[in-house]
Amino acid sequence: MRVEIKLRPVGDNPILPFNYNYEVYRQIVDKVSLVDPELARKIEVSSVDLLTFSRILIRKRELLPEAGMRILSDAVSLYVSSHSPGIITAMVEGFILNPTMRIGETDFVAEDVKPLREPEIKDTVMFSTLSPIVVRTVKFSNGRMKIWDLYPSEPTFFDKFRKVVLLRYTELYGITPEDSSFSIDVIKFKPVRILVADTYYRGSLMVFRYTGSEEIAKFAYDLGFGEKTKYGFGMVKVINEK
């Protein structure tokens, strides 16, 4: 289930910082907590990410290298998705109770929250990311373990990508999918680096063709591809391959 939240910036000079993922995550959880505190706690402590969200989409903006992006549009959009209608419903009700958000030094007011029509997802579909996909592995350097973020240009990316998606599905539902076979063909990608709380994550904005299990594709559409999706990574949309 997926919703679009239209946010109107408040003030004369609204600026969105580059690294806002953790602030958005915290405020989504806070909205859920207004309605169902136990569900909000479940989102935070669950070993499986139970939601994902997009980058904040700004139609007109000005880049400020030292500060972020000056918002020139009347409103911006944020998409939030989950496999759980209960999480989405609680979040929407939370926005109704308190429609304000603060990101960096800018306040926003939620003007509209609406559900989005579910796309048709078949065994072959073209996806474009709405937030970067993070895929991580462990490397040994000088006798110490180090977390290493992978890009599609690295051969180990695809094997790790597949393992992460299958592991997350199994952890969430307690069973493996009936059809666990799938592959992706990356058409293009752009590397990005985002600070979440006190940790930097390297991820990839990409367009890719997915082929295989419809069950897995629908799971990832709801909850994102890759890792750390609750912090605003891995959200995709379906695009027309033509």
Given (1) open to solvent by less than 70 Å² (accessible area, probe 1.4 Å); (2) more than 21 Å from the chain's Cα centre (by Cα), Val192 misses just (2)
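Could you please let me know if Lys230 is open to solvent by 10 Å² or more (accessible area, probe 1.4 Å) and closer than 24 Å to Lys42 by Cβ?
Details: open to solvent by 10 Å² or more (accessible area, probe 1.4 Å): yes; closer than 24 Å to Lys42 by Cβ: yes.
Judged against the criteria, Lys230 is a match.
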Exactly one of Ile87, Ile121 is among the β-branched types (Val, Ile, Thr), touching a helix residue (DSSP H, G or I) at 6+ places or on another chain (Cβ under 9 Å), closer than 28 Å to Lys163 by Cα and open to solvent by 10 Å² or more (accessible area, probe 1.4 Å), and that residue is Ile121
Scanning the range 156-183 for residues that are under 20 Å from Asp123 (Cα atoms), of a type outside the set (Ser, Thr, Tyr) and open to solvent by less than 60 Å² (accessible area, probe 1.4 Å) gives Phe161, Val164, Val165, Leu166, Arg168, Pro177, Phe182
Condition set loosely packed, with under 15 Cβ neighbours inside 10 Å, in contact (Cβ under 8 Å) with a residue 24 or more places away in the chain and within 30 Å of Gly104 (Cα to Cα), scope the range 195-227, selection nearest to the chain's Cα centre (by Cα): answer is Leu195
Filter the range 18-69 for residues that are of a type in the set (Phe, Trp, Tyr) and under 13 Å from the mean Cα position of the chain (by Cα); the one that is most open to solvent (accessible area, probe 1.4 Å) is Tyr22
message = Taking the criterion of being of a type in the set (D, E, K, R), surrounded by 13 or more Cβ atoms within 10 Å (Cβ to Cβ) and more than 29 Å from Ser84 (Cβ to Cβ), would at least one residue in the range 139-155 satisfy it?
response = yes
When Val186 is run through (1) surrounded by fewer than 16 Cβ atoms within 10 Å (Cβ to Cβ); (2) free of Cβ contacts under 8 Å to residues at least 40 places away in the same chain, the failure sits at (1)
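The values are calculated or read from the model by the stated rules, or taken from the named source; none is laboratory data. Note that this is a predicted model, so its numbers are computed, not measured. As a convention, Cβ positions derive from the backbone with ideal geometry for all residues, glycine included, and neighbour counts pool all protein chains shown. Just so you know, the surface numbers come from the protein's heavy atoms only, side chains and all, with ligands and any DNA or RNA stripped out. Shrake-Rupley method; radii C 1.70, N 1.55, O 1.52, S 1.80 Å.
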